[in-house]
Amino acid sequence: MNHQVQYDVLTQLPNRTLFRELAQNSLARAARQGAQVGLLHLDLDHFENINDSYGYAAADRILGQVATRFQSVLHETDLLARLGADEFAILVEGVRKETDLAVTAQELLDTLAAPLSVGNDAIYLSASVGITCHPGEGNEVEILLRNADSAMHAAKDAGRNRYTFFSDELNTRALEFLTVKSALREAVNRDELSLHYQPRIDLRSGRILGVEALLRWNSPKLGPQSPARFIPIAEQTGLIEPIGAWVLRTGCRQRRAWLDAGLGGLRVAINLSAVQLSQAGIVEQVDSVLEETKLPAELLELEITESALMNDPQQMAAKLAAFRARGIAVALDDFG
């Protein structure tokens, strides 16, 4: 019964509960000896694709192979645990310098270079590793796990299949993310967002050909915020959906007001994020806004990034064709 409570059934490695206990004992021992301990948090890259393509039974077999490979490159004194799903933790005692941990992390990555097998198929995996140290970056296991997790996500953001050390900068970025996320959620509810309209001008004639609606946010708490800062956070947190719907409706409503004032012929260009474009009902949402605002479809242009199209080219092509069939112009942004 103790074994079932403390060990992972699939890999027979210590689970998160036992890892915490053993790691805390190791930290206490290191503190008495004045020694340094390293903690590595490893997450397999895109492992959900294995589950989707081969099923959970095959994915479990692969996790077993991965655990065996990891054990083959670690020392007897290193503690390897499976934290859950495709996440592993490694505690390294007796660290002399941080480069020792870099060597261990690279060995773990290298051991995944050779293909794993599922039936007759060869599967290639990679991983992202976050590294932190005791005592400099924490005296408690939970603090070290949190730090290593932050570093691991930084490794994923940097392109995956690599290791990254934790730093105060990473911690600051995480706190900034939470601050902006909270303030942005309030901004949607408190009507703090606005649109600025940038004209498109024919350089030969000087005539205005259209306008592009640009989202701006002037936060009472944080001050003016760059879209480059808050748009990625909105996309990661799902806030881009209500924000995107607001931008579409507001831009179309303003263009209708200009049309009623006698300003005809100019298209208003509105950006659609990859998250919005992937929504099942995005075409119907645009239809609803056009009907609500009474804006002719030919006065609307939707700007879409190249990366958004590449998520699912066939599905995206069908949606773009639906927009075009309605008379809505489509522009490809950030091409190349």
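The table for this structure:
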| read-out | value |
| --- | --- |
| Subset tally (residues that are within 21 Å of Ile243 (Cβ to Cβ) and over 25 Å from the mean Cα position of the chain (by Cα)) for segment 292-329 | 7 |
| Those residues of segment 204-230 which are hydrophobic (A, V, I, L, M, F, W, C) and either modelled with pLDDT of 95 or more or under 11 Å from Ala183 (Cβ atoms) (or both), in sequence order | Val211, Ala213, Leu214, Leu215, Trp217, Leu222, Phe230 |
| Enumeration of residues in segment 13-44 that are of a type in the set (Gly, Ala, Ser) and in a helix (DSSP H, G or I) | Ala23, Ser26, Ala28, Ala30, Ala31 |
| Search result, residues across segment 275-312 that are closer than 21 Å to Arg216 by Cβ and open to solvent by less than 30 Å² (accessible area, probe 1.4 Å) | Gln276, Val289, Thr293, Leu300, Glu301, Leu302, Glu303, Ile304 |
| Positions within segment 155-176 being more than 29 Å from Gly34 (Cβ to Cβ), in contact with a helix residue (DSSP H, G or I) (Cβ under 6 Å, 6 or more places away or on another chain) and either modelled with pLDDT under 90 or surrounded by 20 or more Cβ atoms within 10 Å (Cβ to Cβ) (or both), in sequence order | Ala174 |
| Hey, Gln65 within 23 Å of Phe165 (Cα to Cα), surrounded by 13 or more Cβ atoms within 10 Å (Cβ to Cβ) and among the polar types (S, T, N, Q) or not | no |
| Restricting segment 1-55 to residues that are among the β-branched types (Val, Ile, Thr) and crowded, with 16+ Cβ neighbours inside 10 Å, the residue that is farthest from Val103 (Cα to Cα) | Ile50 |
| Conditions (1) within 22 Å of the chain's Cα centre (by Cα); (2) surrounded by fewer than 17 Cβ atoms within 10 Å (Cβ to Cβ); (3) assigned to a helix (DSSP H, G or I): number failed by Ile233 | (2) |
| Failed item in (1) more than 24 Å from Ile233 (Cβ to Cβ); (2) without any contact (Cβ under 8 Å) to a residue 60 or more places away in the chain; (3) outside any helix (DSSP H, G or I); (4) out of contact with any helix residue (DSSP H, G or I) (no Cβ under 9 Å at 6 or more places or on another chain), with Gln314 passing the rest | (3) |
| Selection count where residues are of a type in the set (Lys, Arg) and crowded, with 17+ Cβ neighbours inside 10 Å, scope segment 313-329 | 1 |
| Boolean, Ala58 is in contact with a strand residue (DSSP E or B) (Cβ under 8 Å, 6 or more places away or on another chain), surrounded by 15 or more Cβ atoms within 10 Å (Cβ to Cβ) and under 21 Å from Thr164 (Cα atoms) | no |
| Selection count where residues are closer than 18 Å to Ser150 by Cα, in contact with a helix residue (DSSP H, G or I) (Cβ under 9 Å, 6 or more places away or on another chain) and among the hydrophobic types (A, V, I, L, M, F, W, C), scope segment 87-115 | 4 |
| Selected residue [free of Cβ contacts under 8 Å to residues at least 60 places away in the same chain, of a type in the set (A, V, I, L, M) and surrounded by fewer than 14 Cβ atoms within 10 Å (Cβ to Cβ)] from Leu193, Leu184, Leu203, Leu214 | Leu203 |
| Pairs, first without any contact (Cβ under 8 Å) to a residue 40 or more places away in the chain in segment 262-285, second in a strand (DSSP E or B) and among the β-branched types (Val, Ile, Thr), C-beta under 8 Å, six or more apart | Leu272/Ile304; Ala274/Thr305 |
| Some residue of segment 81-97 being open to solvent by 20 Å² or more (accessible area, probe 1.4 Å), within 19 Å of Arg16 (Cα to Cα) and small (Gly, Ala, Ser) | yes |
| Unique residue being surrounded by fewer than 16 Cβ atoms within 10 Å (Cβ to Cβ) and either modelled with pLDDT under 95 or among the aliphatic types (A, V, I, L, M) (or both) when the list is Leu332, Leu272 | Leu332 |
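The values are calculated or read from the model by the stated rules, or taken from the named source; none is laboratory data. Since the structure is predicted, the reported quantities are computational estimates derived from the model, not experimental observations. Ideal geometry is used to build each Cβ from the backbone, glycine not excepted, and the neighbour counts take in all protein chains shown. Only protein heavy atoms, including side chains, enter the accessible area calculation; ligands, DNA and RNA are left aside. Shrake-Rupley method; radii C 1.70, N 1.55, O 1.52, S 1.80 Å.
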